[in-house]
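The values are calculated or read from the model by the stated rules, or taken from the named source; none is laboratory data. Remember, it's a predicted structure, so these values are computed and weren't measured experimentally. FYI the Cβ positions are ideal-geometry reconstructions off the backbone, even for glycines, and counts take in every protein chain you see. These area figures cover heavy atoms from the full protein model, side chains too; ligands, DNA and RNA do not enter into them. Shrake-Rupley method; radii C 1.70, N 1.55, O 1.52, S 1.80 Å.
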Amino acid sequence: MTSRTTTVLVGVASFFAGLVIPVANAQRASGPVKVVQLTGFVGVKDNAKGTLSVENGQLHFVHGKASSDVSASSIQDVVTAADSQRAVGGTIGLMSMAAPYGGGRVLSLFRTKIDTLTVQYRDADGGLHGAIFTMPVGTSEVIKKELVAQGAHSTSDKEPAAASAASSSTPNKEQKQ
């Protein structure tokens, strides 16, 4: 009985380790990252697949045979977030909605986790633009850190510190008597 319990515990532990290891590896990955550009870059179609990297002070997006670059110093804000998307999509996901009694809707419950990276930047003429990318879990923070290290600005890092400083400097107005 003890060996069976040990076997089950080892199996459960290795299952959870298998879930954690890819996330840890994704966070260390530097260099080109496979992404989907949802919208944003001029001359690039929406939902374009490509690779994103930070090189020589530039955010470099390669899609097909073309590429787009944005200078890190022109980036006014970089925001990262965690999100999810449908695991079954496209034609199969659309056709499954025709299943009787709403059976196809069950497929929409299966989701995969992704990271998003939103970049707000100014072009050479001073026009304000933005681009949104989706990528594997754990990679958006790495790209954000590389961009900030090379001169990009990020307001999301400053807001929590400013909010906590403002709340701690405000005196307690209610006093017990």
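A few comments on the model shown:
- In the set (1) at pLDDT below 90; (2) within 30 Å of LYS45 (Cβ to Cβ), the condition left unmet by GLY102 is number (2).
- Residue check, SER84 surrounded by 13 or more Cβ atoms within 10 Å (Cβ to Cβ) and at pLDDT 70 or above: no
- Among residues of region 40-90, those that are assigned to a strand (DSSP E or B) and of a type in the set (Gly, Ala, Ser), counted: 10
- Top-ranked residue of region 109-145 - restricted to ones that are hydrophobic (A, V, I, L, M, F, W, C) and more than 18 Å from GLY50 (Cα to Cα), ranked as least open to solvent (accessible area, probe 1.4 Å): LEU128
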